[in-house]
Amino acid sequence: MNLSRVALAAGTAAASVVLLSGTAFAHVGVQPQGQAAQGGYATVNVKVPNERDNASTVKLEVNFPLDHPLASVMPQPVPGWKAEVTKTKLDKPLTLHGKQINEAVSKVTWTADGSKIGPGQFQQFPLSLGQLPENTDQLVLKAIQTYDNDEVVRWIEEQKGSEEPQYPAPVLKLSPAGEDHHGAASAAPTASGSASADAKAGHEADGGHATTETASDSSTDTTARVLGVVGILVGLAGIAFGVLAGRRRSA
């Protein structure tokens, strides 16, 4: 009888640990698609889980640090949500592509517009970021989550030691800059390099697209030349075969 009670108590404790662990890890986070390198460009997903059983998330606010400012933050449209980008004037201007930038993005706010994040669900909000700072290895993006019952959860606590805080702020880890200083490796293209290149193209002028079109045209021209050479070789082989056949008949 005592053993049964002990087993029941142990099972209940284990279940409680599992439930509490699930709740602890269900927080707002940010994850890059591919590589987020210092001095480069990146596309990231802000992942927002709904932690309530009786309420839905209807608003998310993500704040960007002005001590490591970003000149450009572009949200990808998310069906059922309205995005608003807020900029703040900088005390010290940034220099980007030879131009001085006097303001940086300080906040992006998504508000439900026909959609919600219901209980047991999550939503991802994609962002294109550029140019990432070179003098830090991470960006702390403090987030504020609002439910339709007016409850507000502030994911703004920065981790100081090994123990994670109750409401940790999302952190975007930055990898060391690549040789080309744009977050892409100098070797063969990878998924990470492709994602970084796509993000960079979104922040620059149409010249980036022109480069893509030029590469495509060059590839097409090379293919045409190869096919032409193959055609000539096939033709010569046919002529040679005909000459040999003629000689055999004469013999």
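The values are calculated or read from the model by the stated rules, or taken from the named source; none is laboratory data. Only a predicted model underlies this, so the values are computations on that prediction, with no experimental measurement involved. Here the Cβ positions follow ideal geometry from the backbone for every residue, glycine too, while neighbour counts run over all protein chains shown. Calculation scope for accessible area: heavy atoms of the full protein, side chains included, ligands and nucleic acids excluded. Shrake-Rupley method; radii C 1.70, N 1.55, O 1.52, S 1.80 Å.
Here are a few things to note about the model shown:
- Of the listed requirements (1) surrounded by 22 or more Cβ atoms within 10 Å (Cβ to Cβ); (2) touching a Lys or Arg at 6+ places or on another chain (Cβ under 6 Å), Val58 misses just one: (1).
- Among the conditions (1) in a loop (DSSP other than H, G, I, E, B); (2) over 27 Å from Ala177 (Cβ atoms), Glu134 misses just one, which is (2).
- Residue that is farthest from Ala55 (Cα to Cα) [pool: residues in the range 106-121 that are among the hydrophobic types (A, V, I, L, M, F, W, C) and open to solvent by less than 20 Å² (accessible area, probe 1.4 Å)]: Val108
- Residues (touching a residue at least 12 places away in the same chain (Cβ under 8 Å) and outside any strand (DSSP E or B)) located in the range 69-109: Pro69, Leu70, Ala71, Gln76, Val78, Pro79, Gly80, His97
- Hits in the range 142-152 - residues which are open to solvent by 70 Å² or more (accessible area, probe 1.4 Å) and under 20 Å from the mean Cα position of the chain (by Cα): Lys142
- Residues of the range 11-43 classified as within 21 Å of Gln159 (Cα to Cα), β-branched (Val, Ile, Thr) and either open to solvent by less than 50 Å² (accessible area, probe 1.4 Å) or modelled with pLDDT of 50 or more (or both), total: 2
- Of all positions in the range 71-85, at least one carries a residue that is modelled with pLDDT under 95 and out of contact with any Asp or Glu (no Cβ under 6 Å at 6 or more places or on another chain).
For every residue, the table says whether it meets (1) surrounded by fewer than 18 Cβ atoms within 10 Å (Cβ to Cβ); (2) over 19 Å from the mean Cα position of the chain (by Cα).
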{"site": "Val48", "(1), (2)": "no, no"}
{"site": "Asn63", "(1), (2)": "no, no"}
{"site": "Lys89", "(1), (2)": "yes, yes"}
{"site": "Pro93", "(1), (2)": "yes, yes"}
{"site": "Ile101", "(1), (2)": "yes, yes"}
{"site": "Ala104", "(1), (2)": "no, yes"}
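- Flag for Pro176 being modelled with pLDDT of 90 or more and surrounded by 11 or more Cβ atoms within 10 Å (Cβ to Cβ): no
- Of all the criteria given as (1) at pLDDT below 85; (2) in contact with a helix residue (DSSP H, G or I) (Cβ under 8 Å, 6 or more places away or on another chain); (3) of a type in the set (S, T, N, Q), the one not satisfied by Gln131 is (1).
- Identity of the residue in the range 122-141, surrounded by fewer than 19 Cβ atoms within 10 Å (Cβ to Cβ) and touching a strand residue (DSSP E or B) at 6+ places or on another chain (Cβ under 8 Å), that ends up nearest to Pro75 (Cα to Cα): Pro126
- Residues of the range 65-83 that are within 20 Å of the chain's Cα centre (by Cα) and under 25 Å from Gln100 (Cβ atoms): Pro65, His68, Pro69, Leu70, Ala71, Ser72, Val73, Met74, Pro75.
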